[in-house]
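Below is one structure, written out as structure tokens, with a few remarks after it.
The values are calculated or read from the model by the stated rules, or taken from the named source; none is laboratory data. Computed from a prediction, not measured in an experiment: that's the story for all the values here. Counting neighbours? That spans all protein chains shown, and the Cβs are built from the backbone with ideal geometry, glycine included. Only protein heavy atoms, including side chains, enter the accessible area calculation; ligands, DNA and RNA are left aside. Shrake-Rupley method; radii C 1.70, N 1.55, O 1.52, S 1.80 Å.
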Amino acid sequence: VGDDEAGRALTQQMRALGCDVSQVAVIPGGSTAVYAAVLDHDHDLLIGIADMDVFDALTPQVLGRAWPHLVASALVFADCNLPQDSLADLLHRKRDAAFSLALDTVSVLKARRLPHDLSAIDVLFTNRDEALAVLGGGSSLSQAEAARQLCARGARHVVLTDGARGVVVASAAACHFLPSLAVNMVDASGAGDGLIAGTLQAMLNGADVNTAVKSGLLVAALT
């Protein structure tokens, strides 16, 4: 976070919720990340405007200092807001660690930061456009085909979303389609984040990925 009011408010709220905030990096002179969404008449995203420059300070050195805390975790979540060299460092370090790594591609542009070898990733959350960016093209690929190709690159599980149409959950052994829950949509913002949060929480409670994604779909619908 930046050394600003937004950063202090976020850190205080996390602490109040019981989170250990001892490893939050406060960047002097930095501005805490801000995201603004403009929705269309169908309550879906029309334009997103983001200031994410503060994440450039999450260097491999910062990750190195936090590594004892990460390596002691059962599950670590990261996303492609990390700088490319920090993502590469995380994936390299993960190979010798016991925790599960879940990763979100975030956007088409940032998805391209991922390397060809995805074998350090236990659960990759993405959508079809972002998946195609990782794969380097293939606009004719279906959801299932794109998910299978990401698994072929090494990802243990792929959770590939396609908005209201549902989610494909793939591994090297199988590929399943799970429909989204029917809702009266008020605002699509944050639904993908809800899917990830619900899925990871269920995994931490012992659910397999296919079952966990069902919890994620419920949280997405509630969001």
Residue set Leu46, Leu58; condition without any contact (Cβ under 8 Å) to a residue 60 or more places away in the chain, touching a helix residue (DSSP H, G or I) at 6+ places or on another chain (Cβ under 7 Å) and of a type in the set (A, V, I, L, M, F, W, C); output residue Leu58
Only one of (1) buried (at least 18 other Cβ atoms within 10 Å of the Cβ); (2) in contact with a Phe, Trp or Tyr (Cβ under 6 Å, 6 or more places away or on another chain) does not apply to Ser73, and that is (1)
Could you tell me whether the stretch 86-96 includes any residue that is over 17 Å from Val76 (Cβ atoms) and of a type in the set (S, T, N, Q)?
-> no
For the stretch 34-43, enumerate the residues that are small (Gly, Ala, Ser) and either free of Cβ contacts under 8 Å to residues at least 24 places away in the same chain or open to solvent by 80 Å² or more (accessible area, probe 1.4 Å) (or both).
-> Ala36
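What about Ala102, is it surrounded by 15 or more Cβ atoms within 10 Å (Cβ to Cβ), touching a residue at least 60 places away in the same chain (Cβ under 8 Å), within 28 Å of Val209 (Cα to Cα) and among the hydrophobic types (A, V, I, L, M, F, W, C)? Full working, then the answer.
Working: surrounded by 15 or more Cβ atoms within 10 Å (Cβ to Cβ): yes; touching a residue at least 60 places away in the same chain (Cβ under 8 Å): yes; within 28 Å of Val209 (Cα to Cα): yes; among the hydrophobic types (A, V, I, L, M, F, W, C): yes.
So Ala102 fits the description; yes.
For the stretch 27-126, list the helices (runs of 4 or more DSSP H) that sit wholly inside it and hold at least 2 residues that are modelled with pLDDT under 95 and more than 18 Å from the chain's Cα centre (by Cα); which are they?
Where helices (runs of 4 or more DSSP H) fall fully within the stretch 27-126 and carry at least 2 residues being modelled with pLDDT under 95 and more than 18 Å from the chain's Cα centre (by Cα), they are 60-71.
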With the first residue restricted to the stretch 165-192 and required to be under 14 Å from Phe125 (Cα atoms), and the second required to be assigned to a loop (DSSP other than H, G, I, E, B) and of a type in the set (Asp, Glu), Cβ contacts under 9 Å at 6 or more apart or on different chains are Val168/Asp162
